[in-house]
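Here the structure comes first, spelled out in structure tokens, and everything after it is commentary.
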Amino acid sequence: MAEQTSTANAWPANPADLIPAGRKRLGWSLLAVATLGLLAIIVVQILYKTEMSTIGFDTWRPVIYAYILWGAALGAWQVLTRGEDGQRALFLLPALLFTIAMVIFPTLFGFYIALTDWNLSSFAGRRFNGLDNFWQMLADPYYRNALFNMVLYVLAVLVEYVIAFGLALLLNAQIKARKFFRVVFLLPLMLSPVAVSWMVGKSLMEYRFGPAATLARHLGWDNPAFFSNPITARISIMMLDAWTFIPFMMIMLLAGLQAMSREVLEAARVDGATAWQTFWQVTFPLMLPVSVTAVILRIIFKLKLADIIITLTSGGPGGATDSVSSFIYREYRDRSNVGYGTMLAMAYLIIIVVFVTWLLKVASRFVRNVN
């Protein structure tokens, strides 16, 4: 019995400890050689493409080959150093390699493109220009205006949330034809923003013969051109985008209301709480996690706003309605300025990551404090 106990105690807790040291060294050597080779080829290619060296390749194909060999070396390293655990990790390796190839590498390549002067309408081709695009971006009044518009568009989400909450409360009440109204209110969400732009913006709001313009004339507006004035154009864009996506928040809030415990609401009524007190002190705090989720998701969608603007105003008048996404799109499409457009996109990506991270932390802290 003592011998069995000592044998059990001598058995290593980690099965990887049974792997010979020579086999582990071989695995680490393969990974180190493959990693250094991949990094060396990438550096050589970058120096060659930036015209800082005459040694390199005409295409990026050798980098792809080196990446495939690095992936194979990574798999071999897992098996050689971790044994059976490494074999199980091989099932995750394709997903890891795919993520690196389709997300991380294009992002890094985008940062490289952002440091080049590359205009498709120019015969000069792509040239490395360092931080020139960055300084141009800081001095670009149209890009600053697009950022300012995004602040306005994001703040409009609060108004959309109030409307969506009101509609959710209405559809959660015992009203006649409730199922019919649920379908009707969801119709805008079933349409694409481009279809909404043409059906509403280009037709109903057309300043000569559109029904909305005709009604505005009868109400005393002499020239009801919804998209010719910067202020009215921004408001019109906000209204069309809100009409399209308010049902998205409404359906989330309605699901939260229907999942709420009826006993809590009945207890509030028994205690003599009014309808407003029941909403403000019971319903709203219980709905806060759902509300925060709906608002954050809507803000993320709002940060990508472009299709309605491109279809209706193309950023006009004079760039007054441009979002950052629509401005970047027009920088690519109208000016063929790939290098500068990529710099704008990379800067906007960093802004979104920082803003959404901060927003999630603030929302989490806010929900904890209220609850």
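The values are calculated or read from the model by the stated rules, or taken from the named source; none is laboratory data. Values in this document were obtained by computation on a predicted structure and should not be read as measured data. Every residue, glycine as well, gets a Cβ built from its backbone with ideal geometry; the counts of neighbours run over all protein chains shown. Heavy atoms of the whole protein, side chains included, go into the accessibility calculation; ligands, DNA and RNA do not. Shrake-Rupley method; radii C 1.70, N 1.55, O 1.52, S 1.80 Å.
Specify whether the C-alpha gyration tensor of the range 158-237 places it in the rounded, prolate or oblate class, a ≥ b ≥ c being the square roots of the eigenvalues: rounded for a/c under 1.5, otherwise prolate if a/b is larger than b/c and oblate if not. Prolate shape, in that a/c is at least 1.5 and a/b is the bigger ratio. Rounded to the nearest 10 degrees, the angle from helix 61-82 to the longest Cα principal axis of the chain is 70 degrees. Gyration tensor over the Cα atoms of the range 229-332: the corresponding equivalent ellipsoid has semi-axes (square roots of 5 times the eigenvalues, largest first) of 40, 14, 9 Å.
The tail of the calculated P(r) for the range 289-331, taken as Cα-Cα distances beyond 13 Å, holds 54 percent of the pairs. The calculated P(r) of the chain, using every Cα pair and 20 Å bins from 0, goes 20, 38, 31, 11, 1, 0 in percent. Under 15 Å from the Cβ of Pro211, count the other residues' Cβ atoms, weight Lys and Arg +1, Asp and Glu -1, and hand me the total. Taking every Cβ under 15 Å from that of Pro211, the sum is +2. Share of Cα-Cα pairs in the range 175-282 beyond 21 Å, in percent? More than 21 Å apart: 57 percent of the Cα pairs in the range 175-282. Principal-axis analysis of the Cα atoms of the chain puts helix 178-190 at an angle of about 60° to the longest axis.
Might you report the magnitude of the Cβ-based charge dipole of the range 73-190 about its Cα centre, with Lys and Arg at +1 and Asp and Glu at -1, to the nearest 20 debye? List each step's numbers first, then the result.
Values: 9 positive and 6 negative charges, 129 e Å.
Charge dipole of the range 73-190: 620 debye, to the nearest 20.
With contacts taken as Cα pairs under 8 Å at a separation of at least 6 residues, the chain carries a relative contact order of 20 percent. Inter-part distance, the range 81-135 to the range 316-371, computed on C-alpha centroids, equals 20 Å.
Which shape class applies to the range 146-197: rounded if a/c is under 1.5, otherwise prolate when a/b exceeds b/c and oblate if not, where a ≥ b ≥ c are the square roots of the Cα gyration tensor eigenvalues? If you can, show how the numbers build up before the last one.
Working: a/c = 6.13, a/b = 1.67, b/c = 3.66.
Oblate.
Ellipsoid fit via the Cα gyration tensor, the range 107-157: semi-axes of 28, 13, 11 Å, each the root of five times an eigenvalue, largest first.
Accessible surface of the range 129-193, 1.4 Å probe: 77 percent of it comes from carbon and sulfur atoms. Taking K and R as +1 and D and E as -1, what net charge do the other residues with C-beta under 14 Å from the C-beta of Ala146 add up to? Cβ neighbours under 14 Å give a net charge of +2. Charge tally around Gly86: other residues with Cβ under 12 Å, Lys/Arg +1 each, Asp/Glu -1 each, net +2.
Reducing the range 50-79 and the range 139-174 to their Cα centroids gives an inter-centroid distance of 46 Å. Report, to the nearest 10°, how far helix 324-333 tilts away from the longest principal axis of the Cα atoms in the chain, using its own Cα long axis and a range of 0 to 90°. Taking the Cα atoms of the chain, the angle to 324-333 is about 70 degrees. Heavy-atom accessible area per residue, the range 130-288, 1.4 Å probe: how many Å²? Result: 59 Å² of accessible area for each residue.
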